[in-house]
Amino acid sequence: MKPVQLMPKVLSFEMRYQSKWAGLPSDKHIFGFTAIEMMVVIAILAILATIAIPSGMARIVKEQIITAMPLADIAKSPVAASWKLEKTLLADNEAAGLPDQHKIVNNYVSSVLVENGAIHMTFGNKAHPIIKGKTLSMRPAVIEDSPIVPVTWVCGNAKAPEQMTVMGVNKTDVASEYLPYLCK
């Protein structure tokens with residue numbers, strides 16, 4: 001009489017995946033990845049990181065600049081009003097009725113200076129180290145013989161609209177790759 005088999009014969013994991021390659025004894029098992037395969041994966045990840053990190057950094061810096069730009073609005077109104085009423089540009093913060101340059105701050109800006117109508121924002125505080133200590137200028141563009149035409153603000157290295165003259169000095173020293181499109 002044959003013994004009753006209670007469990008069907010199931011091949012174990014090791015039995016199913018034994019090496020069948022020539023030259024290897026059948027009792028040797030291959031598990032995991034080879035060193036070459038791991039090195040290829042690490043190299044691919046390194047290349048992807050090298051590509052991704054700088055583009056992400058530029059985006060972060062641009063976002064900080066864009067976030068900081070509205071701080072200059074407090075100086076724009078007095079400068080524009082002065083041009084409209086007197087056809088002159090304000091010499092400094094005091095003439096614009098603003099506090100000292102180091103008292104106009106936000107998360108990314110450490111000072112806002114009015115100088116002959118131009119507004120110069122210096123980055124600091126929590127700004128990215130790439131722009132910390134750098135300056136972004138916003139200069140008024142006017143039509144000199146028609147003060148009734150509103151002042152247009154030219155950011156950074158941007159060109160003035162046709163038939164308008166940009167007043168003030170551009171002290172922008174932020175690298176153009178980090179400037180928003182509006183300021184290039």
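Read-outs throughout are calculated quantities, based only on the coordinates presented, and are distinct from any laboratory measurement. From a predicted model like this one, the values you see are computed outputs, not experimental measurements. Counting neighbours? That spans all protein chains shown, and the Cβs are built from the backbone with ideal geometry, glycine included.
General remarks:
- Taking the average, over residues, of other Cβ atoms within 10 Å as the packing measure, peptides 86-99, 111-124, 64-77 rank 111-124, 64-77, 86-99 from highest down.
- Segment 128-155-segment 75-126 distance, computed between alpha-carbon centres (Å): 11
- For Trp153, the residues whose modelled amide H falls within less than 5 Å of its own, excluding neighbours fewer than 5 places apart on the same chain, are Ala141.
- Take the Cα radius of gyration of segment 65-183 and divide it by 2.2 N^0.38 Å, N being the number of residues; the result is 1.02.
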